Each structure stands twice: as structure tokens, then as C-alpha cells.
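Step one of this worksheet: look at the structure below.
The values are calculated or read from the model by the stated rules, or taken from the named source; none is laboratory data. Because the structure is a prediction, the values reported are computed rather than measured. Note: ideal-geometry Cβ built from the backbone for every residue, glycine included; neighbour counts use all protein chains shown.
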């Protein structure tokens, strides 16, 4: 399977946006206004995008000849709210 850098950029942006929506919109709706429905939907979408991002990062390691250290940094960025945007700018051509 061949993953293009452009496709990984899209996955990266979607993963970051889904995380921000989860943290800034869905979680307040659940815990402040007792409306948990959005967390279920956005949480599932974010979970799928998170896994796809990690798999994509591995494919980018192979394609772009990243070191294991670079791959680790890119993977750690996936758990930081704006991390995927940083990884995209710093490590993708």
C-alpha cells in the first residue's frame, strides 16, 4: 500500500481538528451541559483518525526515510492538541 504525503497531510489535519473539537466543544457539552451525545460521535471519529494517523506515520517513516526518533516525535505529536500541525510543518516535505 502506498500512502502519499498529501493524503497523510489530510489525515493529520483531520486528526488534529477532531481532537480540538473533542476537547473544546464535545467535552464541555458533556460535563457542563450534560449533553454526552457529541462525545460519542466525535470521540469515535477521533479514535479512528488517531489510529489511521499512527499507521500513516509509519508509512511516512518508510517513504521519507525518517529515523525511529523522528517517527516517535510524530507519534507523540498525535496526543498533543496542536501536535499534528507541528509534525506536518516540521517533518513533511
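Key figures for this structure:
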read-out	value
Condition met for residue 66 (over 21 Å from residue 91 (Cα atoms), at pLDDT 95 or above and part of a loop (DSSP other than H, G, I, E, B))	no
Residue check for residue 13: out of contact with any strand residue (DSSP E or B) (no Cβ under 7 Å at 6 or more places or on another chain) and crowded, with 17+ Cβ neighbours inside 10 Å	no
Pairs where the first residue, in the stretch 65-92, is under 16 Å from residue 9 (Cα atoms) and the second is at pLDDT 95 or above and part of a loop (DSSP other than H, G, I, E, B), C-beta under 8 Å, 6+ apart	74/66; 84/78; 86/80; 87/78; 91/66
Residue 30 vs. criteria closer than 20 Å to residue 3 by Cα and either at pLDDT 95 or above or buried (at least 17 other Cβ atoms within 10 Å of the Cβ) (or both)	no
Criterion (farther than 18 Å from residue 89 by Cα, more than 10 Å from the chain's Cα centre (by Cα), outside any loop (DSSP other than H, G, I, E, B) and modelled with pLDDT of 95 or more) met by exactly one of 39, 52, 48	39
